[in-house]
Amino acid sequence: MPWKSLCLRRLNLYVFYLTSRLKFAYNIANCHPLAKCLPHEGSFYCQCADGYEGTGTDCWDVDECGKLQHQICPAFSNCFNTNGSFICTCWSGFQDNGTHCLDIDECAMGDFPCPDNSTCTNLEGSYKCTCDPGFTRNGTLCVDIDECSLGLTLCPKFSNCLNTIGSSFCKCWEGYRGNSTVCEEINECLDNITCPEHSRCINTNGSYLCPCDRGFSSLLPLPGSSKSPGTM
């Protein structure tokens, strides 16, 4: 009878449906908690979730950092494995722009990292502070070098060394003139207006005297330096 054939066909479909559901339930029960059950050619199988590997009934974490660090993380970064995934963290001195780790130019930042009297040089992933000429490092500061007391500035004869912030210079004694390499005595007697009338000029080391001519005397102190050589 046709109706019997139809009923039998429906019964077979129902049995197939129940069998499939039972297989699906069986596979779900046997799949690892980190796996999912997928249909395949009238049956089912267990597949571990992304970030995990195994048979499906047993799944374990994939250590992406140990296998693929140089492929999954950009240069100048560290890879940290997590459950089912990983994290890429840029090294100190670098910043993440979304795809790469770029060097941070600390010297160009508004908060200047170097002390006063120094120059900042940017390096890959870092920076360097170099004290300016005439200064030296003292802990975190750049302090003035006293070139005079340390004998670093060689001044010529008849001069004194004077220290300044970040430098030094040589100054000839009074009665001498010159530069940082030589100081020569000034012969004041070559100037006709050095001594008053009725006196003669006697040049001395770094100074001069104006004694009165015979028969003359002075009621006021005569021109001429009373300072000792080496004073300024």
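If Lys and Arg each add +1 and Asp and Glu each add -1, what is the summed charge of the other residues whose beta carbon sits under 15 Å from the beta carbon of Gly215?
Values: positive: Arg200, Arg214; negative: Glu197, Asp213.
Once all neighbours under 15 Å are counted, the net charge is 0.
Suppose we take every Cα in the range 64-103 and form the convex hull; what volume per residue is that in Å³?
Numbers: hull volume 2.4 nm³, N = 40.
For the range 64-103, the hull spanned by Cα atoms encloses 59 Å³ per residue.
When Leu154, Leu219 are ordered from fewest to most other Cβ atoms inside 10 Å of their Cβ, what list results?
On the way: Leu154 10, Leu219 4.
So the residues, fewest neighbours to most, are Leu219, Leu154.
The GluC sites (Glu not before Pro) of the range 94-165 that DSSP puts in a loop, and whose beta carbon has at most 16 other beta carbons within 10 Å, are Glu124.
What's the local net charge at Ser118, with K and R +1, D and E -1, over the other residues with C-beta under 9 Å away? Once all neighbours under 9 Å are counted, the net charge is -1. Which stretch or stretches of the range 69-94 have amide N atoms under 20 Å from the point lying 7 Å from Glu53's Cα along the Cα→Cβ direction? In the range 69-94, the label zone of Glu53 (backbone N under 20 Å from the point 7 Å along Cα→Cβ) covers 69-73, 79-88.
Potential lengthening of the chain between Lys171 and Ser126 amounts to 11.9 nm, from the contour at 0.36 nm per residue minus the alpha-carbon distance. Under a Cβ-Cβ cut-off of 14 Å, what is the net charge of the residues other than Asp61 that fall near it, where Lys and Arg count +1 and Asp and Glu count -1? Every neighbour counted, the sum reads -4.
Rule-based calculations on the coordinates, nothing more; no lab input. None of these values were measured; they are calculated from a predicted model. When we count neighbours, we look across all protein chains shown, and the Cβ atoms used for this are built from the backbone with ideal geometry, even at glycine.
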